[in-house]
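Worksheet: the structure to be examined is printed underneath.
The values are calculated or read from the model by the stated rules, or taken from the named source; none is laboratory data. Being a predicted model, the structure only gives us computed values, none of them experimental. For the accessible areas, the whole protein counts, side chains as well, though only heavy atoms, and no ligand, DNA or RNA atoms are used. Shrake-Rupley method; radii C 1.70, N 1.55, O 1.52, S 1.80 Å.
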Amino acid sequence: MPVRFPLAPLTAALIASLAPAQAWAAPVLPDRQAESQAIVLRPLSLLKVDDMDFGWLTVTTAGTAILNPFTGAVTTTGGVLPVGGAPQRARFVGAASRNTPIKIRIPTKPTILTRQGGTETMSLSAWTLDGPADRKTGIDRAFDFYLGGTLTVAAGQADGLYVGTFDVEVQYP
């Protein structure tokens, strides 16, 4: 007596045998991890987003490094030369009511940067803003601004990381 196979299981088996096989490969890790971020602002607030960074400098004679608040580019004078790093202008964001006039107050006096692990210093002065100090918030109620300045570097400045702080204020009506 002939053996009969039901058609449905045979068809399913035939289709399964004709289906392409999955290709397997070893997992590849990305070169860099991605980050996600959001800025949440309360009305009448100000938040620092980015620190000011002049990048890596070398010095043969006294000079300056000037950080442009519009572009973030560093230019130098005298025997100071940029040699790498990731220079960036300081960035701040704030929030207020729609079309609110604001006044940005940046430092008027030099700030002293001190070498970590030492006592050597440099002066940061000639503060510059990426536009007028008197502004208005837009219809989205948020605003941001960038700050640059001039770093004075002495001849024979000691190697190291120099850090300092400065205050920025925004006056609301």
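So here's what we get for this one:
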read-out: Residue list for the range 83-102, restricted to those being in a strand (DSSP E or B), of a type in the set (D, E, K, R) and at pLDDT below 95; value: none
read-out: From Gly79, Gly94, Gly85, Gly164, residue being open to solvent by less than 30 Å² (accessible area, probe 1.4 Å), of a type in the set (Gly, Ala, Ser) and within 22 Å of the chain's Cα centre (by Cα); value: Gly94
read-out: Residues of the range 141-161 satisfying the condition of being aliphatic (A, V, I, L, M) and open to solvent by 30 Å² or more (accessible area, probe 1.4 Å); value: Ala142, Ala154, Ala155, Ala158, Leu161
